[in-house]
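Presented below is the structure to which this report refers.
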Amino acid sequence: MSSYEKFLVDEFKPSEVPIVLKNRKAKIDRDGLVRLPFPAEIAIETHGYCNFKCIVCPYPTLERKKVKMEMWLYQKIIDEVARESPYTRLWLAIMGEPLMDKKIIPRIRYANEHGARRVHLNTNGTFLEGALAEELLQSGVESVYVAIDAINEETFNKVRPGGDFNRVKRNLENFLKLREKNQGKGPEIVAQFIVMDENASEIDQFHDYWLKQGAVVKLRLRQGWGQEISTPDLDKIALERIPCPWLVRTMNIHWTGHVTQCDPDYEEHYPAGDLNHQSIKEVWGGELAHRREHHWTGNFSHPLCVDCKDWSSGRADFDYPNENAKKVAPRWSPGEPQKHESPVTHDV
């Protein structure tokens, strides 16, 4: 657990809204900015479809094909993670809504059964219901993040077009109750709120409501996906530039198997490798290593980096409904200066 995360645990009480992001200021530190032999975080796009057109995402203008990742390719990725770095956190989302992938539960189970147990899911919550919700609870996924960004329907419709506020709200409430009926066993459940002009007045209500329901609450600043999305909060930040945490610590893998250095290359204009023919270690130690070295030496001239502000978005703020939720929160990842000896896991 990083020093900043320890600060969150020690200082914030459930009745308080974390002040850093409430005031829309980035919390930036250098924890985890170290040279790593393998990515600490890997985002895997199991497919490219989404049912929302959120204003914080470039999906509505996405031009590349939207297809599902072949299972053999997914398994190849998982097998290498399990072999080389089993504590690497895997995020099953980039452009696609993961719960629209009919193979999502077998994918999660494969990862757990083969030694890559730190699987996280980002979802818009539309399909978090019925048998799928029950299977997800028992799948071994470490955490489920439900992006809502609003406490009322009017605001939700502005920031997350294409969604059904009442359905998403009901699904998250029911998922929390389902875990409670399961004696608290299952994944960490996070209600996410991206702070922006359109919803900033609702931070307190959102925070208090979802903590009361038993969810962990996450606040983070709006990011730009390079230059695609406006980021008024990041535009105000005047700090000496640091190596980008996304480039230094993470790898993005699209459904094609093509590797990109970060979210801003969502169209694959500057691919760094191809896992159909290469290993993760080969790509990480090859083209991505060259790009990381540029950042270590203060060279931010790559087309994806030169005008990007996402490096300055800083850490998210998390608040917890109770002390146990704080204790077992799976915040850490490889390279963190105060990481656990082994990951915190949830019984399933």
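Taking the 1.4 Å solvent-accessible surface of segment 89-229 as the whole, the part contributed by carbon and sulfur is 42%. The Rg/Rh ratio of segment 151-248, with both radii computed over alpha carbons and Rh defined as the Kirkwood radius, is 1.04. For Met100, the accessible surface of its heavy atoms amounts to roughly 70 Å² (probe 1.4 Å, protein chains only, rounded to the nearest 10).
Keeping all protein chains in place, calculate the accessible area per residue for the chain (probe 1.4 angstrom), answer in Å².
On the way: 14960 Å² over 348 residues.
Each residue of the chain exposes 43 Å² on average to a 1.4 Å probe.
At an R0 of 45 angstrom, the distance between the Cβ atoms of Arg35 and Lys158 translates into a FRET efficiency of 0.60. Carbon-plus-sulfur accessible fraction, segment 240-337 (probe radius 1.4 Å, protein heavy atoms only): 52%.
If you take the beta carbon distance between Lys102 and Ile242 as r and set R0 to 45 Å, what does 1/(1 + (r/R0)^6) give as a FRET efficiency, to the nearest 0.05? Don't jump to the answer; show the numbers that get you there.
Values: r = 41 Å, r/R0 = 0.91.
In this case the efficiency is close to 0.65.
Our note on the geometry: Cα centres of segment 293-323 and segment 138-152, 23 Å apart. Here the relative contact order of segment 209-348, from alpha carbon pairs under 8 Å that lie six or more residues apart, stands at 32 percent.
Considering helices alone, the calculated mean residue ellipticity of the chain at 222 nm is -8500 deg cm²/dmol, with DSSP H runs of length four and up weighted by -39500 (n - 2.57) and normalised per residue.
Rounded to the nearest 5, what is the percent of antiparallel bridges among the DSSP beta bridges in the chain? Can you show the working numbers first?
Working: 8 of 32 bridges.
Among the beta bridges of the chain, antiparallel pairing accounts for roughly 25 percent.
For segment 170-314, the antiparallel share of DSSP beta bridges with both residues in that region comes to about 40%. Of all stretches in the chain that contain no GluC sites (Glu not before Pro) in a DSSP loop with at most 12 other Cβ atoms within 10 Å, the longest one is 64-239. Computed extension gain for Lys66 through Asp307, at 0.36 nm per residue and net of the alpha carbon distance, reaches 84.0 nm. Residues whose amide H falls under 5 Å from that of His258, counting only those 5 or more places apart or on a different chain, are Leu275, with hydrogens built in the peptide plane. Charged neighbours of Leu178, selected by a Cβ distance under 13 Å, balance to 0 (K, R count +1; D, E count -1).
The values are calculated or read from the model by the stated rules, or taken from the named source; none is laboratory data. Computed from a predicted model, the values in this text were never measured in an experiment. Cβ coordinates were reconstructed from backbone atoms using ideal geometry, including for glycine residues, and neighbour counts include every protein chain displayed. The area values use the complete protein model at the heavy-atom level, side chains included, leaving out ligands, DNA and RNA. Shrake-Rupley method; radii C 1.70, N 1.55, O 1.52, S 1.80 Å.
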